[in-house]
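Below is one structure; the comments refer to it alone.
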Amino acid sequence: MQISTTAPVLQFRLAETSDAATIETLVNSGYRGEASRQGWTTEADLLGGTRINLQEVNDLMSSNDSVILLCLQNAAIIGCVLLQHEAASVYLGMFVVQPNLQANGIGRQLMHAAEDLVKTRWRAEKIWMTVITLRTELIAYYVRRGYQQTGRYKPFPPEIAQAFATVDHLQFEVLEKSLRYE
(Lines give C-alpha, C1' and ligand atoms only; values in the text may rest on other atoms or scores of the structure.)
Protein backbone atom coordinates (compact mmCIF):
# COMPACT_ATOMS: atom_id res chain seq x y z
CA MET A 1 0.00 0.00 0.00
CA GLN A 2 1.27 3.46 -0.85
CA ILE A 3 -0.52 6.53 0.52
CA SER A 4 1.40 9.29 -1.23
CA THR A 5 4.08 9.56 -3.86
CA THR A 6 6.64 10.51 -1.22
CA ALA A 7 5.73 7.87 1.36
CA PRO A 8 7.83 4.69 1.39
CA VAL A 9 6.27 1.58 -0.13
CA LEU A 10 5.41 -0.77 2.70
CA GLN A 11 3.95 -4.23 3.09
CA PHE A 12 1.86 -5.48 6.00
CA ARG A 13 1.29 -8.96 7.35
CA LEU A 14 0.32 -10.69 10.56
CA ALA A 15 3.14 -11.80 12.81
CA GLU A 16 4.06 -15.44 13.05
CA THR A 17 5.74 -17.26 15.92
CA SER A 18 9.08 -17.03 14.13
CA ASP A 19 8.84 -13.19 14.30
CA ALA A 20 8.69 -13.03 18.11
CA ALA A 21 12.36 -12.22 18.77
CA THR A 22 12.38 -9.51 16.09
CA ILE A 23 9.23 -7.98 17.59
CA GLU A 24 10.78 -8.02 21.06
CA THR A 25 13.89 -6.22 19.80
CA LEU A 26 11.90 -3.71 17.75
CA VAL A 27 9.52 -2.77 20.57
CA ASN A 28 12.31 -2.39 23.11
CA SER A 29 14.44 -0.32 20.72
CA GLY A 30 11.49 1.94 19.96
CA TYR A 31 10.62 2.79 23.53
CA ARG A 32 13.52 2.24 25.90
CA GLY A 33 17.27 2.54 25.99
CA GLU A 34 19.74 4.56 23.99
CA ALA A 35 18.57 3.28 20.58
CA SER A 36 15.09 4.68 21.22
CA ARG A 37 16.52 8.21 21.39
CA GLN A 38 17.02 8.13 17.60
CA GLY A 39 13.23 8.51 17.29
CA TRP A 40 10.70 10.81 18.87
CA THR A 41 8.55 8.14 20.57
CA THR A 42 11.10 7.21 23.23
CA GLU A 43 10.12 6.65 26.85
CA ALA A 44 13.79 6.57 27.89
CA ASP A 45 13.49 9.76 29.96
CA LEU A 46 10.55 8.29 31.88
CA LEU A 47 11.33 4.60 32.22
CA GLY A 48 14.34 2.30 32.23
CA GLY A 49 14.45 -1.42 31.65
CA THR A 50 12.73 -3.25 28.83
CA ARG A 51 9.24 -2.68 27.52
CA ILE A 52 8.51 -6.33 26.71
CA ASN A 53 10.21 -9.71 26.84
CA LEU A 54 10.09 -12.68 24.50
CA GLN A 55 7.65 -14.65 26.65
CA GLU A 56 5.22 -11.70 26.70
CA VAL A 57 5.40 -11.40 22.91
CA ASN A 58 4.71 -15.11 22.53
CA ASP A 59 1.80 -14.91 24.99
CA LEU A 60 0.24 -12.05 23.03
CA MET A 61 0.64 -13.91 19.75
CA SER A 62 -0.93 -17.09 21.15
CA SER A 63 -4.07 -15.31 22.37
CA ASN A 64 -7.20 -15.95 20.30
CA ASP A 65 -8.31 -12.33 20.56
CA SER A 66 -5.09 -10.57 19.57
CA VAL A 67 -2.83 -10.18 16.57
CA ILE A 68 0.36 -8.30 15.89
CA LEU A 69 0.42 -6.52 12.55
CA LEU A 70 3.88 -6.12 11.07
CA CYS A 71 5.09 -3.36 8.78
CA LEU A 72 7.81 -4.39 6.33
CA GLN A 73 10.05 -2.47 3.97
CA ASN A 74 12.19 -4.47 1.56
CA ALA A 75 11.26 -7.63 3.52
CA ALA A 76 12.64 -6.19 6.81
CA ILE A 77 10.30 -5.74 9.78
CA ILE A 78 10.38 -2.01 10.60
CA GLY A 79 7.19 -1.58 12.61
CA CYS A 80 4.45 -3.37 14.48
CA VAL A 81 1.23 -2.84 16.34
CA LEU A 82 -0.70 -5.06 18.74
CA LEU A 83 -4.47 -5.32 18.25
CA GLN A 84 -6.58 -6.96 20.97
CA HIS A 85 -10.29 -7.53 20.39
CA GLU A 86 -12.50 -6.77 23.41
CA ALA A 87 -16.29 -6.96 22.82
CA ALA A 88 -17.22 -4.10 20.41
CA SER A 89 -13.82 -2.44 20.55
CA VAL A 90 -10.16 -3.15 19.87
CA TYR A 91 -7.21 -2.08 21.99
CA LEU A 92 -4.23 -0.77 20.02
CA GLY A 93 -0.88 -1.07 21.74
CA MET A 94 2.80 -1.68 21.20
CA PHE A 95 2.67 0.71 18.23
CA VAL A 96 6.25 1.22 17.09
CA VAL A 97 8.31 2.16 14.06
CA GLN A 98 12.07 1.57 14.01
CA PRO A 99 13.50 4.74 15.65
CA ASN A 100 15.81 5.80 12.81
CA LEU A 101 12.88 5.59 10.35
CA GLN A 102 10.37 7.65 12.37
CA ALA A 103 8.94 10.91 11.02
CA ASN A 104 8.77 9.57 7.44
CA GLY A 105 5.06 8.71 7.24
CA ILE A 106 5.54 5.05 8.13
CA GLY A 107 3.56 5.33 11.37
CA ARG A 108 0.66 6.95 9.53
CA GLN A 109 0.57 4.07 7.03
CA LEU A 110 0.87 1.46 9.79
CA MET A 111 -1.97 3.12 11.74
CA HIS A 112 -4.17 3.12 8.63
CA ALA A 113 -3.41 -0.57 7.93
CA ALA A 114 -4.17 -1.45 11.57
CA GLU A 115 -7.53 0.35 11.45
CA ASP A 116 -8.40 -1.39 8.16
CA LEU A 117 -7.54 -4.76 9.72
CA VAL A 118 -9.73 -4.01 12.75
CA LYS A 119 -12.64 -3.15 10.45
CA THR A 120 -12.34 -6.26 8.32
CA ARG A 121 -11.41 -8.77 11.01
CA TRP A 122 -13.67 -7.73 13.89
CA ARG A 123 -16.00 -4.97 12.59
CA ALA A 124 -15.39 -3.19 15.90
CA GLU A 125 -17.16 0.09 16.66
CA LYS A 126 -14.10 1.78 18.12
CA ILE A 127 -10.39 1.45 18.60
CA TRP A 128 -8.70 2.69 21.77
CA MET A 129 -5.28 3.02 23.35
CA THR A 130 -3.55 4.31 26.44
CA VAL A 131 -0.75 6.88 26.32
CA ILE A 132 1.41 8.10 29.20
CA THR A 133 -0.01 11.53 30.05
CA LEU A 134 3.45 13.13 30.12
CA ARG A 135 3.83 12.23 26.41
CA THR A 136 1.93 15.29 25.16
CA GLU A 137 3.58 15.21 21.72
CA LEU A 138 2.50 11.60 21.28
CA ILE A 139 -1.04 12.39 22.38
CA ALA A 140 -1.10 15.26 19.85
CA TYR A 141 0.06 12.85 17.11
CA TYR A 142 -2.83 10.49 17.82
CA VAL A 143 -5.34 13.36 18.03
CA ARG A 144 -4.21 14.44 14.53
CA ARG A 145 -5.02 10.86 13.42
CA GLY A 146 -8.61 11.16 14.68
CA TYR A 147 -8.26 9.79 18.21
CA GLN A 148 -10.10 11.68 20.94
CA GLN A 149 -8.90 12.39 24.45
CA THR A 150 -11.55 10.84 26.69
CA GLY A 151 -10.63 12.43 30.01
CA ARG A 152 -10.42 8.89 31.40
CA TYR A 153 -7.19 7.80 33.04
CA LYS A 154 -5.69 4.49 34.09
CA PRO A 155 -3.04 4.05 36.75
CA PHE A 156 0.43 3.05 35.69
CA PRO A 157 1.18 -0.49 36.91
CA PRO A 158 2.86 0.07 40.30
CA GLU A 159 5.25 -2.87 39.91
CA ILE A 160 6.60 -1.38 36.66
CA ALA A 161 6.73 2.15 38.07
CA GLN A 162 8.61 0.99 41.18
CA ALA A 163 11.12 -1.00 39.16
CA PHE A 164 11.67 1.24 36.12
CA ALA A 165 10.21 4.76 36.47
CA THR A 166 12.63 7.66 36.55
CA VAL A 167 9.85 10.20 37.21
CA ASP A 168 6.92 10.23 39.63
CA HIS A 169 3.18 10.17 39.00
CA LEU A 170 3.02 8.21 35.76
CA GLN A 171 -0.46 7.48 34.48
CA PHE A 172 -2.19 6.70 31.19
CA GLU A 173 -4.87 8.63 29.36
CA VAL A 174 -7.37 6.64 27.31
CA LEU A 175 -7.71 7.81 23.70
CA GLU A 176 -10.32 6.39 21.36
CA LYS A 177 -11.53 6.64 17.81
CA SER A 178 -14.92 5.70 16.42
CA LEU A 179 -14.60 3.58 13.31
CA ARG A 180 -16.72 4.42 10.29
CA TYR A 181 -17.92 1.84 7.81
CA GLU A 182 -18.99 2.61 4.26
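The values are calculated or read from the model by the stated rules, or taken from the named source; none is laboratory data. The model shown is predicted, which means the values in this text are computed figures rather than measured ones. Please note: Cβ atoms are built from the backbone with ideal geometry, for glycine as well, and neighbour counts cover all protein chains shown. Accessible surface areas use protein heavy atoms only, side chains included; no ligands, DNA or RNA. Shrake-Rupley method; radii C 1.70, N 1.55, O 1.52, S 1.80 Å.
Put simply, the stretch 10-110 fits an ellipsoid with semi-axes of 20, 16, 13 Å; these come from the alpha carbon gyration tensor as the roots of five times its eigenvalues, largest first. If R0 is taken as 35 Å, the Cβ-Cβ distance between Asn100 and Asn58 corresponds to a FRET efficiency of 0.85.
3J(HN,Hα) couplings calculated from phi for the stretch 91-104 with the Karplus curve 6.51 cos²θ - 1.76 cosθ + 1.60 (θ = phi - 60°) are, in sequence order, 7, 10, x, 6, 7, 8, 10, 3, x, 6, 10, 5, 6, 10 Hz; Gly and Pro show x.
Applying 1/(1 + (r/R0)^6) with R0 = 25 Å to the Cβ-Cβ distance of Gln38 and Ala140, what FRET efficiency is obtained, to the nearest 0.05? Approximately 0.80, to the nearest 0.05.
The residues Arg32, Arg180, sorted by heavy-atom accessible surface at 1.4 Å with ligands and nucleic acids left out, run Arg180, Arg32 from largest to smallest.
Potential lengthening of the chain between Gln11 and Thr120 amounts to 37.5 nm, from the contour at 0.36 nm per residue minus the alpha-carbon distance. For the stretch 74-126, the share of accessible area belonging to carbon and sulfur comes to 46 percent (1.4 Å probe, ligands and nucleic acids excluded).
How much FRET efficiency would the formula 1/(1 + (r/R0)^6) give for Ala75 and Tyr181, where r is the Cβ-Cβ distance and R0 is 30 Å, rounded to 0.05? After rounding, the FRET efficiency stands at 0.40. With a/c under 1.5 counting as rounded, go ahead and sort the stretch 63-138 into rounded, prolate or oblate using the C-alpha gyration tensor (a ≥ b ≥ c being the square roots of the eigenvalues; past the cut-off, prolate if a/b is larger than b/c, else oblate). Verdict is oblate for the stretch 63-138. Ranked by the mean number of other Cβ atoms within 10 Å of their residues, highest first, the peptides 145-155, 41-51 fall in the order 41-51, 145-155.
Tell me, what is the per residue accessible area of the chain in Å², probe radius 1.4 Å?
Using a 1.4 Å probe on heavy atoms only, each residue of the chain averages 51 Å².
Counting every pair of alpha carbons in the chain, the share spaced more than 21 Å apart comes to 50 percent.
Compute the length gained on full extension between Ala87 and Thr22: take 0.36 nm times their separation in residues and subtract their Cα-Cα distance, giving the result in nm to one decimal. Using 0.36 nm per residue and subtracting the Cα-Cα distance, I get 20.4 nm.
With θ taken as phi - 60° and the Karplus curve 6.51 cos²θ - 1.76 cosθ + 1.60 applied, the whole-hertz 3J(HN,Hα) list for the stretch 66-78 is 9, 9, 10, 8, 9, 10, 10, 10, 6, 6, 9, 6, 10 Hz, x standing for glycine and proline.
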